[in-house]
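Each remark here refers to the structure printed beneath this line.
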Amino acid sequence: MEHLDDILPEWLLGTLEPARRDAVARHLEGCARCRAELDRLAPAVDALGALVPPVEPPAAALTRLMERMEGPGRFTRWAGKVAAFLDVTEARARDVLESMAEPGNWLPGPADGVEMMPVETGPAREGMMAAVVRLGPGVRYPRHAHVGREWNLVLEGGFREDSGQEVWPGEELEKADGSLHDFTALQGPACICFAVLEGTTTFEEPLDAGA
């Protein structure tokens, strides 16, 4: 691009797609003419905000927004994926997701900072153990071996395996029979994931006292 006369307004408004934005940034580093034009346009773009009168949002808007972001309803979007993961109906999956908001449904896990909420599975998972697992940021789940396969589905936060692999919301991880690993919750929101185990696990290290 020779000069950016037609693109600078979009640059100032922040509406350029990432690839063009990067190209504009590189051009501005070496073009004094375009930097001067940018400085000339900037006050006009800044003044646009003064032309629109501020609107006071409804009093309940923030409350509703925070409930969608932080309340139990934030997991509703995962109902279909959880239903398939557990082999239950979507209605049952929504009930399970809503029940996660009840503190009394959670039990202490095998380490400090780990909580578990047992859940039921459908016919395709008959006889398997299933639970929602919650780990605080930076909490490590103890090293253990799988006797039988294990499946994990992350809903929030994420974790990093001892191998370095990271698992993020919406992603699934399957561990083979006989596999051995530990994992640590990523920094940020608590790691919340569903786990289904067709056999048992044996821990390879002493568990925290009181677990």
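The values are calculated or read from the model by the stated rules, or taken from the named source; none is laboratory data. Computed from a predicted structure; not experimentally measured. Counting neighbours? That spans all protein chains shown, and the Cβs are built from the backbone with ideal geometry, glycine included. All accessible areas refer to the heavy atoms of the entire protein, side chains included, with ligands and DNA or RNA removed. Shrake-Rupley method; radii C 1.70, N 1.55, O 1.52, S 1.80 Å.
Where does the chain land at 222 nm, in deg cm²/dmol rounded to the nearest 500, when only DSSP H runs of n ≥ 4 count, each adding -39500 (n - 2.57), divided by all residues?
Values: 6 runs with 67 residues, N = 211.
Value at 222 nm, helices only, nearest 500: -9500 deg cm²/dmol.
Sort GLU98, GLU115, GLU29, GLU161 from largest to smallest accessible area, using a 1.4 Å probe on the heavy atoms of the protein chains.
GLU29, GLU98, GLU115, GLU161
Please compute the per residue accessible area over the stretch 78-211 with all protein chains in place, 1.4 Å probe, rounded to a whole number of Å².
Values: 6390 Å² over 134 residues.
Spelled out: the 1.4 Å probe surface of the stretch 78-211, per residue, equals 48 Å².
For ASP22 and GLU166, what does the FRET efficiency come to when R0 = 25 Å and r is the distance between their Cβ atoms, rounded to the nearest 0.05? Kindly include the intermediate steps, with their values, before the conclusion.
Details: r = 25 Å, r/R0 = 1.02.
Efficiency at R0 = 25 Å is approximately 0.45.
Just for the Cα atoms in the chain, what are the lengths along the principal axes, largest first, rounded to whole Å?
Here the spans come out as 69, 43, 35 Å, largest first.
Out of the total accessible area of the chain (probe 1.4 Å, heavy atoms of protein only), what percent is carbon and sulfur?
On the way: 6680 of 12330 Å².
Of the solvent-accessible surface of the chain, carbon and sulfur hold 54 percent.
Tell me the accessible surface of CYS31 in square angstrom (1.4 angstrom probe, heavy atoms of protein chains only), to the nearest ten.
Accessible area of CYS31: about 20 Å².
Could you calculate the contour length gain from LEU207 to GLU2, that is, 0.36 nm times the residue separation minus the distance between their Cα atoms, to one decimal place in nm?
That works out to 67.3 nm of additional length.
Counting only the heavy atoms of the protein chains, how much of THR184 is accessible to a 1.4 Å probe, in Å² to the nearest 10?
Approximately 40 Å² of THR184 is accessible to the 1.4 Å probe.
In the chain, which helices (entire DSSP H runs) extend 20 Å or more along their own long axis, judged by Cα positions, while averaging at least -0.5 on the Kyte-Doolittle scale?
Span-like helices in the chain: 32-51.
Keeping all protein chains in the complex and leaving out DNA, RNA and ligands, what accessible area do you get for ASP46 with a 1.4 Å probe, in Å² to the nearest 10?
120 Å²
Got a sec? What order do ASP162, ASP6, ASP177 fall in by accessible area at 1.4 Å, biggest, i.e. largest, first?
Details: ASP162 80, ASP6 135, ASP177 105 Å².
Highest to lowest solvent-accessible surface, that is ASP6, ASP177, ASP162.
Are there cysteines in the chain with no second cysteine's Cβ under 4.7 Å away, and if so, which?
For the chain, the answer is CYS191, CYS193, because their Cβ atoms have no other cysteine Cβ under 4.7 Å.
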